[in-house]
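The values are calculated or read from the model by the stated rules, or taken from the named source; none is laboratory data. Note that this is a predicted model, so its numbers are computed, not measured. Note that we place each Cβ from the backbone using ideal geometry, even for glycine, and neighbour counts take in every protein chain shown. Side chains included, ligands, DNA and RNA excluded: accessible areas come from the protein's heavy atoms. Shrake-Rupley method; radii C 1.70, N 1.55, O 1.52, S 1.80 Å.
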Amino acid sequence: MSTDVVELDQEVEPEDRRAFVQRQSREHYGRRVFLSRAFLSLLIVSLLVAFIPLFSIVQNVIGHGWHFLTWRFLSTPEQQPDIFHQSAIGGVSNAITGTVLIDGVAMLVAVPLSILLSMALFESKGRLMHALRLYTEVMVGLPSILVSFFVFAMVVTPFLAASGYYFTALAGVISLTLLMIPLMTVACEAALRDVPVTYSEAALALGARKSRVMMRVLLPYAFPRMLTGIMLSLSRAVGETAPILFLIGTSLVTNWSLWSEQTTLPTQIFHNLDSNNPYLRNACWGIALILITAVFVLNLTSRVIVARSLRGRK
Amino acid sequence: MMDMSSVTNEMTEPFAPPTISIGSLVDQIPSNAPAETVLSLRDVAVTFNSKVAVRDVSFDVAKNRVTSMIGPSGSGKTTLLRAMNRLHDLTKGAVVSGTLELDGEDIYRGSIPTTLLRSRIGMVFQRPNPFPTMSIYDNVASGLRFNGIKKKAFLDDAVEHALTSAALWESVKGRMKAAAGTLSGGEQQRLCIARALAVEPEILLMDEPTSSLDPVSTQHIEDLMSTLKEIVTIVIVTHNMQQAARVSDDCAFLLMGEDRAGELIEFASTEKIFTNPSDKRTLDYIQGRFG
C-alpha cells in the first residue's frame, strides 16, 4: 500500500494531478448530469404515485359528500328506511354523539395516564423500566382488532355481559383507551427526551427537586410536541373501526350513555356499506367528509396551538 | 457600563480595569493574604464507568475570591467543577471519590441534601441556558420558586437585586415579562448569572461562562466578576489564560496525564502561577508551548 502511494507521488507532478482531475471531471460530467436527472425523475414519479390517490380520496369525498353537509343531515339521527321509502335514511347525529362520547371519554382517560406514564418512563433508569419502555414501543404496533378481541374476552364476557350489557359504549371506550395509551406515551416520552439536558441541569443547579424540574421546566418545554403526539393519536382513534365495531353495537337514537349501544362515524360507514340500500351506501360519502373534516380540524388546531406556544422561543 | 466600572474600582481598589498584558496585571494582584476556606478538595477523583476522568485533586477555595481552573481540553476542569455541586449524580456510572467539604461538611457523605447543597453552590453554564418557556422575571425568580418561596413582594425584590448584581437590571427592567430568548447572548448569560445569584448561593461555579460570547459581552462578565466576589465565592473554569490572569486570585492548573486522566499539576495564587510556577509543565502551558 504505502509503496504504491510513494510511487504515485514520484510519478505525478502537482501540475499533472490538477490536469488529471480536471480532465476526469470533464469526462464524467455528462454521466453525472444524466444520473442526477434520472434521480429527479424518480422523485417526481414517486410523488405522483403517492399523491394522485391521496388527492383523489379527498377530491372524491368532497365531490360526492358535500351535498350531505346540511343541518338536517347533521342534526337528525339515522333511520332504517323501509321498502317503500328507500331514501328515508335520516342523518348522522347518533354517530356524531357516539363518536364524541366514546373518543372524548377515551381521551380524558388516556391523556393524563399517558403523560404520567411518559414521565415515569423518562425518569426511570432501571432495567425493568427499560423493558417497560421497550414494551410500550412494541405495543404501538398492536393490531387494533386484537385490542377489540381482548376487551371482548377479558372485559365484556366476564363482567359486562354477565350483568346484561352485551354492547356498550364503555367497552369501546376501554378499547380505544388501550389503543391510544402506547401511542400517546411514546410521543410524550419522545417530547420529554427532546428537551436539551442543559435546562434540567440549570434547574437542578438552582436546587430544584426532580418533580419541580419536570413540572416547571421539562413539561412546559415539551408541551407543544406532546400536544402534537396526542392529537395524532386522537385522530387515529377517531377514525378507528376495528377496535370498537364488535363492542359498541349500533344505536339509532342520539344518546350520551356509556352503558347503551352506540354508533360512531366509522362504524356507521361500515354498517351503511354493508347495506343493500343504495341511499345508505351513498350517504357514506357524507359521513366520510365529516370524518375527514374532523381529523383535519383536530390536526390544524393542534398545529396552531403548537405554533403559538413556540413563539418567542429561541 | 460607565457606572459599572466605577463600582468595580470602588469595591476592589487594587484591581484596575483589565488590560491585555499579563505582566502589568500580575503586579496589581493583591498579595496572597490568608483567607477563609469555604470549599476544600482532598484527593478528589471522578470516574465514569471505572474510567478515570480526573484525579489527585486537592486544593482549597478561599472565601470571596475568584478561583480559576485552567488547562487544555480533556484535563478534567469541567468534570471537577460539576463534582462541586453534585451534578454528576445524574450521570449513570459516575463516581466521585475523595473528600469535598463545604464549610467543613462533606458534601457527598454529610447530611446536606443534594438539592439544598445545589442552592448553596450555584452554577453558570458554558452556553447561556435561560429557561426558554419563561419570561425574564420568571427565569430569575425560578430558583427561589423551586426552593418553595412564593411571596410576591420578596420575589420582586430578589429579582431586582439579582438583576442589579448581574448588571442587567437597567436594560431589562421595562420588559420583565418578555421571553428570555429575546435577549442577546451576553444578556442571556448575565440573566443566568442573575438567576443563580437570586438563590443567594455561597459559591458560584462558572463553566467557561464567556466561551460562547463576543469580546464585549466577555468584558462585561469579567467586570462583573470582580464585584461579584464581594458577595459570592467564585470558581471559574476557563480555556482562556488571559481571562484567568485577569479575573482570578487563585489558580489551579490541570493537565491530562499519559493515561488520558486529568490531574492537578499545581495550585497557587494566580500571581505565582503566572510569574513563578513551581512546575515546569505549568510554565510551558502559560508560555503557550502546548495546549
In region A:174-208, the residues losing 40 Å² or more of accessible area (1.4 Å probe, heavy atoms of protein chains only) relative to their chain alone are A:Tyr199, A:Glu201, A:Ala202, A:Leu204, A:Ala205, A:Leu206, A:Gly207
Work out which residues of region A:274-314 lose at minimum 10 square angstrom of accessible surface when the other protein chains are put back, relative to the chain isolated, with a 1.4 angstrom probe, and list them by number.
A:Gly312, A:Arg313, A:Lys314
Restricting to DSSP H runs of at least four residues, report the calculated mean residue ellipticity at 222 nm for chain B, -39500 (n - 2.57) per run over all residues, nearest 500 deg cm²/dmol.
-10500 deg cm²/dmol
To the nearest 500 deg cm²/dmol, what mean residue ellipticity at 222 nm is calculated for chain A from DSSP H runs of n ≥ 4 alone, each contributing -39,500 (n - 2.57), summed and divided by the residues?
-24000 deg cm²/dmol
What figure, in Å² to the nearest 10, do you get for the accessible area of B:Asp60 with a 1.4 Å probe and non-protein molecules left out?
50 Å²
Pick out, from A:Ala203, A:Gly286, A:Phe20, the residue whose Cα sits farthest towards the positive end of the charge dipole of chain A, with +1 on the Cβ of Lys and Arg and -1 on the Cβ of Asp and Glu.
A:Ala203
From the phi angles alone, apply the Karplus equation (6.51, -1.76, 1.60; θ = phi - 60°) to region A:288-300 and give each ³J(HN,Hα) in whole Hz, x where the residue is Gly or Pro.
4, 5, 4, 5, 4, 4, 4, 5, 4, 4, 4, 5, 5
Using the Kirkwood radius built from alpha carbon pairs, what does the Stokes-Einstein equation give as D for region A:73-311 at 4 °C and 1.567 mPa s, in µm² per second?
66 µm²/s
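Where the only charges are on Cβ atoms (+1 Lys, Arg; -1 Asp, Glu), what is the dipole of region A:176-314 about its Cα centre, to the nearest 20 debye?
Here region A:176-314 has a charge dipole of around 900 debye.
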Using 0.36 nm times the number of residues separating A:Arg313 and A:Val21, minus their current alpha carbon distance, what extension gain do you get?
100.3 nm
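How much length, in nm to one decimal, is gained on full extension between A:Phe152 and A:Arg127, taken as 0.36 nm per residue of separation minus their Cα-Cα distance? Walk me through the numbers before you get to the answer.
Working: separation 25, 0.36 × 25 = 9.00 nm, distance 3.28 nm.
So the chain would gain 5.7 nm between A:Phe152 and A:Arg127.
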Order the following by accessible area, largest value first: B:Lys77, B:Lys280. Probe radius 1.4 Å; ligands, DNA and RNA are ignored.
B:Lys280, B:Lys77
Say each of A:His85 and A:Lys210 gets a label point 7 Å from the Cα, pointing the same way as Cα to Cβ; how far apart are those two points in nm?
6.5 nm
Ranking B:Asp156, A:Asp274 from most to least accessible area with a 1.4 Å probe gives A:Asp274, B:Asp156
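By how many nm would the segment from B:Leu90 to B:Lys63 grow when fully extended, if each residue of separation counts as 0.36 nm and the alpha-carbon distance is taken off?
Working: separation 27, 0.36 × 27 = 9.72 nm, distance 2.77 nm.
Stretched fully, the B:Leu90-B:Lys63 segment lengthens by 6.9 nm.
Give a quick list of trypsin sites (Lys or Arg not before Pro) in region B:131-210 that DSSP marks as loop, anything other than H, G, I, E or B, with at most 14 other Cβ atoms within 10 Å.
Working: sites: B:Arg145, B:Lys150, B:Lys151, B:Lys152, B:Lys173, B:Arg175, B:Lys177, B:Arg190, B:Arg195; in loops: B:Lys150, B:Lys151, B:Lys173, B:Arg175, B:Lys177.
The qualifying sites are B:Lys150, B:Lys151, B:Lys173, B:Arg175, B:Lys177.
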Using a loss threshold of 30 Å², tell me which positions in region B:114-136 are less accessible in the complex than in their chain alone. Probe radius 1.4 Å, ligands and nucleic acids ignored.
B:Thr115, B:Arg118, B:Phe125, B:Asn129, B:Phe131, B:Pro132, B:Thr133
Can you work out the accessible area per residue across region B:33-143, with the rest of the protein chains kept in place, probe 1.4 Å, in square angstrom?
36 Å²
Apportionment of accessible area to carbon and sulfur, region B:64-153, percent (1.4 Å)
50 percent
Please list, ordered by chain and number, the residues whose modelled amide H lies under 5 Å from the amide H of B:Met206; skip anything fewer than 5 residues away on the same chain.
B:Val124, B:Val235, B:Ile236, B:Val237
With labels modelled as points extended 7 Å from the Cα through the Cβ direction, what inter-label distance (nm, one decimal) is found for B:Thr114 paired with B:Ser50?
2.3 nm
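With a 1.4 Å probe, what is the total accessible area buried between chains A and B, in Å² rounded to the nearest 100? Please list the in-between numbers first.
Working: alone 19500 and 13200 Å², together 30530 Å².
Counting protein atoms only, the buried area is about 2200 Å².
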What is the distance, in nm, between label points placed 7 Å from the Cα along the Cα-to-Cβ direction at B:Phe154 and at A:His28?
7.0 nm
For region A:169-178, in order, what is each residue's ³J(HN,Hα) by Karplus, 6.51 cos²θ - 1.76 cosθ + 1.60 with θ = phi - 60°, in whole Hz (x at glycine and Pro)?
4, 4, 4, x, 4, 4, 4, 5, 4, 4
In whole percent, how big is the carbon plus sulfur part of the accessible area of chain A, probe 1.4 Å, protein atoms only?
69 percent
